[in-house]
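A quick write-up on the structure given underneath.
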Amino acid sequence: MIPSVKMSEKEEGLVNFLKMTGRLKREPRRGWVLKAGVSNPESVADHTFRLVLLSMVLGDLRGLNTEKMMKLAVIHDLGESLIGDITPEDKDKVESKELDEVNAINEVFSHLPDNLRESYSRLWTELGTSSSAEAKLVHDADKLEMALQASEYIGEGYSKEMLSEFKVSAIQQINDSNLLDIIRLI
């Protein structure tokens with residue numbers, strides 16, 4: 001029999017945070033299913049993993065604050081652990097989408113110590129407003145990652161016609177000329 005261990009409030013909060021955010025490993029990216037019929041799509045966590053790698057490489061290549069970029073990438077979809085993956089169509093239907101995301105991210109961060117909650121909340125806001133070079137690049141890298149995933153699904157035999165919409169959307173939303181060049185190579 002394993003003796004029970006009394007956790008401190010701080011430890012309990014961390015466990016709750018990890019359990020809550022761990023849901024992203026099982027949260028499918030719905031756009032792939034709805035738009036292209038992908039039967040076993042990547043999870044939000046899968047998407048985030050590659051975005052973190054992409055942010056790390058881009059940050060290092062450009063001499064930006066790579067640690068900050070990686071943090072921005074890690075937290076960018078954490079609210080989806082509570083509200084699920086939201087497609088652009090969902091955003092059009094949900095009038096208070098932004099409020100839902102704010103409430104969700106506040107709930108996720110509420111389990112952390114005050115200093116971390118404040119720091120991560122500032123980063124999340126910075127990403128949402130693209131108020132730094134790092135935030136702008138992570139925003140664009142997020143769209144590049146989506147285009148790359150669409151290309152991979154095409155390679156697996158899913159409809160090029162259906163998936164081209166993701167590439168077009170990425171091109172329309174990316175401001176960084178180097179990332180646009182990369183998308184054109186995909």
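The values are calculated or read from the model by the stated rules, or taken from the named source; none is laboratory data. Keep in mind that what you see is a predicted model, and the values were worked out from it rather than measured. Counting neighbours? That spans all protein chains shown, and the Cβs are built from the backbone with ideal geometry, glycine included.
A few comments on the model shown:
- One residue stands out in the stretch 42-78 among those that are out of contact with any strand residue (DSSP E or B) (no Cβ under 9 Å at 6 or more places or on another chain) and either hydroxyl-bearing (Ser, Thr, Tyr) or modelled with pLDDT under 95 (or both): the one that is surrounded by the most Cβ atoms within 10 Å (Cβ to Cβ), namely 55.
- Exclusive hit being closer than 21 Å to residue 75 by Cβ and touching a residue at least 60 places away in the same chain (Cβ under 8 Å), set 134, 165: 134
- First in the stretch 52-78 and farther than 15 Å from residue 136 by Cβ, second anywhere and in a helix (DSSP H, G or I) and of a type in the set (D, E, K, R), Cβ under 7 Å, 6 or more apart: none
- In the stretch 99-122 there is at least one residue that is buried (at least 17 other Cβ atoms within 10 Å of the Cβ), at pLDDT 95 or above, farther than 23 Å from residue 43 by Cβ and not small (Gly, Ala, Ser).
- Among (1) over 16 Å from residue 148 (Cα atoms); (2) hydroxyl-bearing (Ser, Thr, Tyr); (3) free of Cβ contacts under 8 Å to residues at least 40 places away in the same chain; (4) crowded, with 16+ Cβ neighbours inside 10 Å - the single one residue 39 does not satisfy: (4)
- Matching option when the condition is of a type in the set (A, V, I, L, M) and within 26 Å of residue 11 (Cβ to Cβ), among 82, 54, 144: 82
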